[in-house]
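Written out below as C-alpha cells is the structure these notes cover.
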Amino acid sequence: MNIFHISAECYPIAKVGGLGDVVGALPKYQNKLGETSSVIMPFYNNKFTQSHTFKRVFSGRFNLGRPFGFDILTLEDNTLGYDLYLVHIPDLLYTEYVYSSNDTERFLGFQIATLDWLVQLKEQPNIVHCHDHHTGLIPFMMSQSYAYHKLRTTPTVVTIHNGQYQGWFSHNKIHLIPPFDFSKAGLLDWKHLINPLASAIKCAWKVTTVSPNYMEELKYAANGLEDLLRYESGKCVGILNGIDDKIWDPATDDNLIQNYSIKTSASGKKANKQWLCKEFNLNPELPLFAFIGRLVGEKGADLLPEIFNNSLVHKNLSIIMLGSGDSSVEHQLDQLKYQHPGYYNNYIGYNERLAHIVYAAADFLVMPSRVEPCGLNQMYALRYGTVPIVNKVGGLKDTVRDFDDNGFGILHDGATVHEGSFAIFRAINFYNDTDRFKKNRNLIMKIDHSWDSSAQAYINLYNSLIL
Ligand code: ADP
C-alpha cells in the first residue's frame, strides 16, 4: 500500500512537539510492516535542510493571489527509514520557524503544491494521511477541487493531534482555495469561518485521535467542534501513539551521559542525575522531579510555580524544569531559582539533548496537564525508568496507572495546585520506600509502548477504506 503522510512537522527534520515525533516514527514502523509509507512536509530553512543535500523530483507553479513557484525535493542520501518529500516554496515556506504569523497562506500553499504534485504521479497514492489543521483542507480539495478530480476516490485519513488549534480564517480568503463547485462551500465552514480542522472532520474518510480517551473527551470539549465530532462519531476512532523505541532507548541513546539497561538502571540513572545536578547546582541525594514541555495552559504550566513552591519549602526534593512559552509563567518559574537555590533550577528554551538527559536523570516527571491528547513525555519517562506523575486526562489516563491501584505511576484527579502538590508529597513517600521504588523502576522500563501495534492499527484502518 502506498501511503503519504502530510504534516507540518517531522522529527528529525523539524519538530516543535509531539506531532513531529509521531510523523517521524509512524511511517518507519509502517514500512517495517511491509507497506510503502512516505512523508511530505515543508522545506524550512533550518539545521537539517542546511546540512543535507537534496535532489528535485518535480517543479510547478500555483496561484495564491499571485503566482508561486515550487519544487518537490527528496534526500540524496536517506537513512530515515521512509521516503521524505519536501515542498520548497522559496517565497512562502522557507523560514527558520515552523509556525509564524501568515500560516494561512503558508500552509495553503503547502497543501496546494502537495496536491499539484500528487495528482500527476503515475502511481497514485492508496492513502493520503493528513495530520492536524495545517493539512486539514486536503480532504476537501481532493474531493471538491476540479484540479484534483483524479484524487477524489483516494481515501483520506485525518489525525487530530491537538483539537485546540483549528487554523480558522475569514471567508474573504476563500478565493485562495483552488476552484470548486461553490454549492459545496459549507464543507469548509464552521461558525462563519473557514475552519480547516472542521473541514477535515467533515470531508476525510476517517478521523483519528492520538488516544482513545481523547476521542471521548473531544465530544465534550473540542474548542467549539464538540457537536461536529459527536455527529461524525461513526467515522472517528482513537489510536494510541507509540514511541520510537530506537531513538528513545536508554541503552543506546547517545545523548546520555551514561547508557543503561534494566540491569544497570540504578548506576546509569545515578550517573545522569549526578551530571545534571552538578550542571544545574542541585542536590543529587534528593529525589529529582522534572517538567519538560511547552509552558501553556493546556499543560497546566501556570500551576507549576505554586506547586513547586509548596513542595520546595520542605527542602526534601530537587526540581529541574525544561520548557518555554507563556512569558509570565517563565518569569515566575525563573524566580524560584532565587527563592530555592540548590533545590530548583530551570532551562528556559528548547533543547532536545537536554530533554533526553532529564528523562534519564529524573526520578519523577510531572505532567499536571489540563488537556493531553496523548502525551509522549510520560511514555519516554517510563522507558527511561522515571515515574510519571500525571493528571487523569486524555492519553495520560490511557497510559498511566496509580501505584496504589496495582499500577506504577501517580495519578491525580484534577489540574489544581492542591492535587499537583499532594501528588508530589505521595511521590516522596513512594521514593522513600526504597525497595518498592527500585522494583517499580525495573517494571516500568519493561512496558512496551513501541509503535508496533499502533502502526498495525492504522494499517487495518486504511485497509477498511480501500475498495
Ligand atoms: P505537545 O503537546 O507539546 O506536542 P507531547 O507530549 O505530545 O506534547 O510531545 C512533546 C515532545 O516535545 C516530547 O518529545 C518532549 O520531550 C518535547 N519537548 C517539549 N518541550 C521541550 C523542550 N523545551 N526541550 C526539548 N524537548 C521538548
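The values are calculated or read from the model by the stated rules, or taken from the named source; none is laboratory data. This one's a predicted model, so the numbers in the text were calculated from it and none came from an experiment. Here the Cβ positions follow ideal geometry from the backbone for every residue, glycine too, while neighbour counts run over all protein chains shown. Surface areas here come from the heavy atoms of the whole protein model, side chains and all, with no ligands, DNA or RNA. Shrake-Rupley method; radii C 1.70, N 1.55, O 1.52, S 1.80 Å.
Figures for the structure shown
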| quantity | calculated |
| --- | --- |
| Selection count where residues are farther than 13 Å from ILE40 by Cα and part of a strand (DSSP E or B), scope the range 68-90 | 3 |
| Filter result (within 16 Å of the ligand (Cβ to nearest atom) and assigned to a loop (DSSP other than H, G, I, E, B)) within the range 215-247 | ALA221, ALA222, ASN223, ILE239, LEU240, ASN241, GLY242, ASP244, ASP245, LYS246, ILE247 |
| Count of residues meeting criterion [more than 30 Å from ILE239 (Cβ to Cβ) and open to solvent by less than 10 Å² (accessible area, probe 1.4 Å)] in the range 330-362 | 5 |
| Single condition PRO250 does not satisfy, out of (1) surrounded by 17 or more Cβ atoms within 10 Å (Cβ to Cβ); (2) under 20 Å from GLN144 (Cβ atoms) | (2) |
| Complete set of residues in the range 179-214 that are within 11 Å of LEU137 (Cα to Cα) and either basic (Lys, Arg) or part of a loop (DSSP other than H, G, I, E, B) (or both) | ASN195, LYS202, ALA204 |
| Selection status of LEU376, modelled with pLDDT of 95 or more and within 8 Å of the ligand (Cβ to nearest atom) | yes |
| Members of the range 329-358 found to be within 12 Å of the ligand (Cβ to nearest atom) and either in a strand (DSSP E or B) or among the polar types (S, T, N, Q) (or both), listed by number | ASN346, TYR347, ILE348, ASN351 |
| Close pairs (9 angstrom Cβ cut-off, 6 or more residues apart or separate chains): assigned to a loop (DSSP other than H, G, I, E, B) in the range 392-420, surrounded by fewer than 17 Cβ atoms within 10 Å (Cβ to Cβ) and of a type in the set (Gly, Ala, Ser) anywhere | LYS392/GLY414; VAL400/GLY407; ARG401/GLY407 |
| Contacts under 6 angstrom Cβ, first residue in the range 332-355 being closer than 14 Å to ASN310 by Cα and assigned by TED's automatic domain parsing to the domain that holds LEU295, partner among the hydrophobic types (A, V, I, L, M, F, W, C) and within 10 Å of the ligand (Cβ to nearest atom), 6 or more apart | LEU333/MET321 |
| Any hit, the range 419-438, residues being surrounded by fewer than 22 Cβ atoms within 10 Å (Cβ to Cβ), touching a His at 6+ places or on another chain (Cβ under 9 Å) and under 26 Å from GLY163 (Cα atoms) | yes |
| Given (1) among the β-branched types (Val, Ile, Thr); (2) assigned to a strand (DSSP E or B); (3) not assigned by TED's automatic domain parsing to the domain that holds GLY323, index of the condition ILE292 fails | (3) |
| Residues of the range 269-281 that turn out to be open to solvent by 10 Å² or more (accessible area, probe 1.4 Å) and in contact with a Leu (Cβ under 7 Å, 6 or more places away or on another chain), as a count | 1 |
| Members of the range 1-26 found to be farther than 22 Å from LEU197 by Cα, more than 12 Å from the ligand (Cβ to nearest atom) and not aliphatic (A, V, I, L, M), listed by number | ASN2 |
| Answer residue from the range 282-292, given it is open to solvent by less than 20 Å² (accessible area, probe 1.4 Å) and not aliphatic (A, V, I, L, M) and is nearest to the ligand (Cβ to nearest atom) among those | PHE291 |
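Condition check ((1) of a type in the set (A, V, I, L, M, F, W, C); (2) surrounded by fewer than 14 Cβ atoms within 10 Å (Cβ to Cβ)) across all residues:
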{"site": "LEU19", "(1), (2)": "yes, no"}
{"site": "SER38", "(1), (2)": "no, no"}
{"site": "PRO42", "(1), (2)": "no, no"}
{"site": "ASP77", "(1), (2)": "no, yes"}
{"site": "ASP83", "(1), (2)": "no, no"}
